[in-house]
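Read-outs: derived from the displayed coordinates by stated rules, not from any lab. Since this is a predicted model, take the numbers as computed values, not measurements. Note: ideal-geometry Cβ built from the backbone for every residue, glycine included; neighbour counts use all protein chains shown.
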Amino acid sequence: MNILLDTSVLIWARSDVKRLRLRARQAIQRADRVVVSVVSGWELAMKESLGRFALKADLEAGLAESEFDQLDLSWEHLSTFRRLPRLHADPFDRMLIAQAHCESLTIVTSDRAFEEYQVPVIWT
């Protein structure tokens, strides 16, 4: 299974793994591939610039340390994003959903709004 971590899960996986349900932790450990989208990095950087979040380390260094793969943004992702219904107000989450659709990824999230998009999910 190939997994995409949503932004909150990325933070928890790096700092407070016990916040994740056992099933989610096991899925991450057993996954063939765990990816983190640059969209999550963008979201965290934006929140930091607005004073809503303080990054404890360099995002790129943290990703390299975690051994998670980086998922860049593609034109296909943008095209899929444009076609998604606006069932979720957060554009960062909708982009993760678009990437999951395009890349056949299962998203690890705690956000119930993801259910509406018919993308495979593992709940935290």
>> Checking understanding here: applying a Kyte-Doolittle mean of at least -0.5 and a length along the axis of at least 24 Å (C-alpha), which whole DSSP H helices in the chain pass?
In response: none
>> P(r) for the chain, please, calculated from all Cα pair distances in 5 Å bins and given in %.
In response: 2, 11, 23, 25, 22, 13, 5, 0
> With each label point set 7 Å from Cα along the Cα-Cβ vector, what nm distance links Arg30 and Arg86?
Replying inline: 4.0
>> Explain nothing, just the number: dipole magnitude of segment 73-124 about its Cα centre with +1 on each Lys and Arg Cβ and -1 on each Asp and Glu Cβ, in debye rounded to the nearest 20.
In response: 160
